Amino acid sequence: MHLALIEARYDYQLSYLDQWAKAWKQVAEKTETFNIVRNGDLKKLQQKSNEFDLLVVLHSVTADSNNWLKRLSKVGNSSRAPMILFVGNEFSSPFLSTELRLDLISDIAPEVVASQLPIECARWLYEKTSSRIVEAPSGLPEVEKVETREVRKIDFGYRGFPYPWYLLDEDRNETVDSVSGLFQSLSKKVDISFSQRFDSSQWFKFLKNSSFTASSEAGSRYVFRDDEIWKPVQEYFLRQHKFSAINNDAPGMNLLRQLPGPLKRVLKKVTTTFGVKQASLFQPDSDELELLQSLVDPCKYDYRDGKAISSRHLDAIACGTWQLLKPGRYNDILVPDLHYTPWDPMNLPRMTELISDPEILLNRTNQARESFGQAHSFTARVEGLLGTVR
């Protein structure tokens, strides 16, 4: 199989993107990678799109900008090879149009849309497209197994940005705060940051050094197919934050994304000093948060529950880090008490007993990883997807 991998690569730190790319390369006899951020790669892809057996569009093309999809739409539809398009960050935002994303996907007309959402939500969200919709959650990464817990110096470890207000979902924020509070009350070693970002090697090293972590399902309970709910919010930001809340696809954002990480961080500090921020990172104070929430009533609009399993859940299992998770479906992949302990703040004695028994914990983490075998590897995911276009 001659495969084209299509990505929007710049200085990001999302390990699962590279795991997907690696898995696709393992199943193909020949692969070529096109970074459509670059004009030269886009032009080359346009010229060669009919020479491949399959085009695979990775999550980075769809995750945080609609501009990359606009560029992808220039790749000819009539004569190109079949296409699988992955979608990243499948939540609704006032700063990145869902309507435009869906329109662009419809125009591109991939043979398969690979969604991280539970299948019933995914089929509803992409109903207007002519594509086949399949569920494609993250896979179990390939990391070296840790045989003992003695090397773990952190009792509870966590890295992750706070969920923004517009997700209309506090599950993860509240779970992490609650769990970390218990560990701190027991005088355990806690290492948390809501701002530090790791690359993949740092992330896996951190997990392997942490006995426990915590989270909830990813995403939001409110996924919308249009932008109607956000119009009052958009009007408010236009009046109050004309230059201090820049939309994801504002002019100049594509160029900014392509800058080296250290330079971006310097520019972010400078622009923040002058009150200029990317809207998706805007953090209102308590009074403004209350006002913004008053402008949004999700129950007035058609929505579906978009809560899903994420790469962080499978990364932890691969690294032998036991998870305390808010109860949920997790795409019906994770099994309570086999892959994680449901976090129950009303039963702290049971939670405390678990935290204090390293032998039981070691057995659980080994069983959690072994229960998956190869069934949930990235390679298995890819082979399953290949069956949808053959």
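The values are calculated or read from the model by the stated rules, or taken from the named source; none is laboratory data. Since the model is a prediction, treat every value here as computed from it, not as a measurement. Every residue, glycine as well, gets a Cβ built from its backbone with ideal geometry; the counts of neighbours run over all protein chains shown.
Numerical summary
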| quantity | calculated |
| --- | --- |
| Inter-residue pairs, beta-carbon under 7 Å, first on the phi < 0 side of the Ramachandran plot and touching a residue at least 24 places away in the same chain (Cβ under 8 Å) and in region 229-242, second crowded, with 20+ Cβ neighbours inside 10 Å and outside any helix (DSSP H, G or I), 6+ apart | TRP230/PRO94; VAL233/PRO94; GLN234/PRO94; PHE237/ALA245 |
| Criterion violated by LEU104 - all others in (1) touching a strand residue (DSSP E or B) at 6+ places or on another chain (Cβ under 7 Å); (2) at pLDDT 95 or above satisfied | (1) |
| Helices (runs of 4 or more DSSP H) fully within region 117-221 counting 2 or more residues that are polar (S, T, N, Q) and under 26 Å from ARG381 (Cβ atoms) | 200-208 |
| Helices (runs of 4 or more DSSP H) fully within region 346-390 counting 2 or more residues that are out of contact with any His (no Cβ under 8 Å at 6 or more places or on another chain) and within 22 Å of SER180 (Cβ to Cβ) | 348-355, 358-372 |
| Residue list for region 33-54, filter: in a strand (DSSP E or B) and free of Cβ contacts under 8 Å to residues at least 60 places away in the same chain | THR33, PHE34, ASN35 |
| Any chance VAL176 is outside the structural domain of ALA316 (by TED's automatic domain parsing), within 22 Å of ARG329 (Cα to Cα) and either surrounded by 15 or more Cβ atoms within 10 Å (Cβ to Cβ) or in contact with a strand residue (DSSP E or B) (Cβ under 8 Å, 6 or more places away or on another chain) (or both) | no |
| Residue, surrounded by the fewest Cβ atoms within 10 Å (Cβ to Cβ), within region 298-334, restricted to residues that are free of Cβ contacts under 8 Å to residues at least 40 places away in the same chain and either in a loop (DSSP other than H, G, I, E, B) or in the same structural domain as LEU117 (by TED's automatic domain parsing) (or both) | PRO327 |
